[in-house]
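Report on the following structure.
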Amino acid sequence: MAAVANPREVTREIRNVRQARLYKPDPVPEGVLNELLEIARWTGSSRNTQPWEFIVVTDREQLRKISQLRTPINWVADAPLAIAIVLNGENPLSEAFDEGRVTERLLIGARMLGLGGGTAWFGDDAQQSAAKQILSIPEERTARSVVVLGYPTTTKDHRPNPATAGRKPLAELVSHERLGQGAGSS
């Protein structure tokens, strides 16, 4: 197993991954994009099915169309890059798990490479269908979101109704041996 020189620094960086929605107009260098695509390619999947393909979107008009699918993702229009995750649609339950894994890996990889990232969910079935048309994805395939990447100007949520920041304390989230038993419980 590979060891990193400073594992605490790596785990701190992972903890500091945040959703970014505002980006500088600077393009993502091709070498950085290729590194992220390799991270996506090597992400584990259920039974190693690798049920995905990726569509790299840098065209301003394509990004604008995606951003118009629903108001909460209008920020996608100003991003330099998005990667659509297209799933086979053969096993919806395991593919949903795999989609989450590859999304998070892309976001962590982006952070480690000096970028920021965010996830933009297309919306309901009709909005997902519209996204598939924009991206020329066959209707039988699954496409729910894009991972948006670039150099963030902030990770503060600029939308009118931002989500609540912060995290619950571990004591509220962690049980030992049985649900509801904390570290000191007997």
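Do any residues in the stretch 1-28 that are in a loop (DSSP other than H, G, I, E, B) have Cβ atoms under 6 Å from those of residues that are modelled with pLDDT under 90, where the two are at least six apart or on different chains, and which pairs are they?
Every condition considered, the pairs that remain are VAL4/VAL10; ARG18/THR155; ALA20/THR155.
List the residue pairs whose Cβ atoms are under 9 Å apart, where the first residue sits in the stretch 128-139 and is at positive phi and hydrophobic (A, V, I, L, M, F, W, C), the second is outside any helix (DSSP H, G or I) and surrounded by 19 or more Cβ atoms within 10 Å (Cβ to Cβ), and the two are 6 or more positions apart or on different chains.
So the pair list comes out empty.
Does the stretch 31-57 hold any residues that are at pLDDT 95 or above, farther than 20 Å from TRP121 by Cβ and of a type in the set (Val, Ile, Thr), and which are they?
VAL32, ILE39
The values are calculated or read from the model by the stated rules, or taken from the named source; none is laboratory data. These numbers come from a predicted model, not from an experiment. All Cβ positions, even for glycine, are placed from backbone atoms using ideal geometry, and neighbour counts span all protein chains on display.
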